[in-house]
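The values are calculated or read from the model by the stated rules, or taken from the named source; none is laboratory data. Quantities reported herein were computed from a predicted structural model and do not represent experimental measurements. Every residue, glycine among them, receives a Cβ derived from its backbone with ideal geometry; neighbour counts consider all protein chains shown. Surface areas here come from the heavy atoms of the whole protein model, side chains and all, with no ligands, DNA or RNA. Shrake-Rupley method; radii C 1.70, N 1.55, O 1.52, S 1.80 Å.
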Amino acid sequence: MVHVADSRDEARSNLIKGWERDSAETPGKTRIILTHTNDEVQALNELARGRLKERGELGEDVAIHVERGARDFAAGDRVMFLKNDRGLGIKNGSLGIVETVNSKHMDVRLDSGRIVGFDLKDYAHLDQGYAATIHKAQGVTVDRVHVLATPGLDRHGAYVALSRHRESVALHYGRDDFADDARLARVLSRDRAKDMASDYTREDRTPDHPKPERAPEPRRTRSIFTGFHANPVARQPMVADAASEPASALQQAVRRYARSVLDIAKMEELNLPILPHQVQAHERAGVALDMIRPHASADLGNVFARDPALAEDAAIGKTRATIRAMQMETEIRTNPELRADRFVTRWQSLDRQRLRFDRNGDWRGERNVRGTMADLAKSLHRDPQLESILHSRRRELGIAMESGPSIGGSLMEYLGRGRNLGLSL
């Protein structure tokens, strides 16, 4: 599984040839190319995509400006999502194939088989997905993996890179990076986990003395796990809600999902990296839950985000209240009138918070709440039923009855006026 070349350039070329041969022989398999630096990822993405373009497997290119800069996308392109979006049901690191794309909109078939569509003005956190950094691939599982080893690796990165596959992995390296197999083994065995986010330039590194160029610390954003506090009692054996009855399949699935949430929450609380097996356990728990009840994992995630205490209870088998809350979440998701009630209540609560911050001169707090309200307003474009119902509830939202046809746009305009003039409900 280890392939050596005289230089990194040759190793890169050999990797792409192997990847292309693998793609042609087993088109139904999922695969990814992994390496350590963003520069190498971009180079490998361009090479891989170029081969598919030459073979006529991609549609017409559409130039799009995404988070990482200008990129060409076409129908048939492999893409990776770079940011969680609960509304779309997308996770950071998710992979898929572009079904359709134009300058404003993209439809992607995820590896799970589900198709997601989104406007690029609302979500542009994606890149070509033929290659990815090892750090970004934590939690990804595909059939076949091709790895380009460079001196920035360590034992943590090597472990992640060499455990993403179900069927096969190929490791490529050049002798200008590693003089021999012993040197490769030493570098891939060293304990340098803190260098995982580092990047290396060709000019700054030597085979024996790589010089890291530190990437800036990523800004931590709120996730569905924020606010959870892992409790040791969650490690107790499963107990049924009723002593005389065994736990049902749904109860067991809810408990497993809750435990996976708490495991990840504990890592975030300690400011530690989430481990690949924890991500996989969370994904498996979600899939198992969705097999019992469609969309249950998304509904349960919303429940836990609103009431973290329910996750603690569910993790030790006290699932009745959680399941009732999940059922209510399902009703709200499927009933636009209930969604409208929740939207209005949430908007009014946030606006009261914003006004309190404004009166107290807490501009940072006011700005943060206004940002949350803006996200809420923008979410309406994904729910035309909800937006239609909210037309008759404009007064409750603080916007004029004669405002424009777009409720989301009117709410954004309201936020702008509120910021500049201090208007309130």
- prompt: Before we move on, is Arg12 farther than 30 Å from Asp299 by Cα and open to solvent by less than 80 Å² (accessible area, probe 1.4 Å)?
  reply: yes
Residue count, segment 351-401 (criterion: small (Gly, Ala, Ser) and within 31 Å of the chain's Cα centre (by Cα)): 6
- line: Only one of (1) in a loop (DSSP other than H, G, I, E, B); (2) open to solvent by less than 50 Å² (accessible area, probe 1.4 Å); (3) at pLDDT below 85; (4) under 30 Å from Val261 (Cβ atoms) does not apply to Pro216, and that is (2)
message: Let me spell it out: the conditions are (1) over 24 Å from Ile274 (Cα atoms); (2) modelled with pLDDT of 90 or more, and Asp180 meets all of them except one. Which number is the exception?
response: (2)
message: Looking at (1) open to solvent by 70 Å² or more (accessible area, probe 1.4 Å); (2) touching a strand residue (DSSP E or B) at 6+ places or on another chain (Cβ under 6 Å), which one does Thr37 not meet, given that it meets all the others?
response: (1)
message: Quick check on Gly89: is it under 17 Å from the mean Cα position of the chain (by Cα), small (Gly, Ala, Ser) and farther than 20 Å from Gln42 by Cα?
response: yes
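Residue-by-condition table, conditions (1) surrounded by fewer than 19 Cβ atoms within 10 Å (Cβ to Cβ); (2) farther than 30 Å from Asp122 by Cβ; (3) within 25 Å of the chain's Cα centre (by Cα); (4) of a type in the set (Gly, Ala, Ser):
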{"site": "Gly18", "(1), (2), (3), (4)": "yes, yes, no, yes"}
{"site": "Asp22", "(1), (2), (3), (4)": "yes, yes, no, no"}
{"site": "Arg49", "(1), (2), (3), (4)": "no, no, yes, no"}
{"site": "Glu54", "(1), (2), (3), (4)": "yes, yes, no, no"}
{"site": "Glu60", "(1), (2), (3), (4)": "yes, no, no, no"}
{"site": "Gly69", "(1), (2), (3), (4)": "yes, no, yes, yes"}
{"site": "Gly76", "(1), (2), (3), (4)": "yes, no, yes, yes"}
{"site": "Asn84", "(1), (2), (3), (4)": "yes, no, yes, no"}
{"site": "Gly96", "(1), (2), (3), (4)": "no, no, yes, yes"}
task: With respect to Ala325, determine if the residue is closer than 29 Å to Gln251 by Cα and either buried (at least 17 other Cβ atoms within 10 Å of the Cβ) or hydrophobic (A, V, I, L, M, F, W, C) (or both).
output: yes
query: Does Ala288 count as in contact (Cβ under 8 Å) with a residue 60 or more places away in the chain and in contact with a Phe, Trp or Tyr (Cβ under 9 Å, 6 or more places away or on another chain)?
result: no
- request: Give just the number: which of (1) within 17 Å of the chain's Cα centre (by Cα); (2) in a helix (DSSP H, G or I) does Gln348 not satisfy?
  value: (1)
query: How do the pairs read when you match residues in segment 371-388 that are farther than 14 Å from Arg354 by Cα and basic (Lys, Arg) with residues anywhere that are open to solvent by 30 Å² or more (accessible area, probe 1.4 Å) and in a helix (DSSP H, G or I), using Cβ under 8 Å and keeping only pairs 6 or more apart or on different chains?
result: Lys378/Met412
statement: Within segment 314-332, of all residues that are assigned to a helix (DSSP H, G or I) and small (Gly, Ala, Ser), the one farthest from the chain's Cα centre (by Cα) is Ala321
query: Restricting attention to segment 363-401, which residues are in a loop (DSSP other than H, G, I, E, B) and open to solvent by 60 Å² or more (accessible area, probe 1.4 Å)?
result: Met401
task: Identify all residues within segment 244-296 that are in contact with a Leu (Cβ under 8 Å, 6 or more places away or on another chain) and part of a loop (DSSP other than H, G, I, E, B); write none if there are none.
output: Arg293
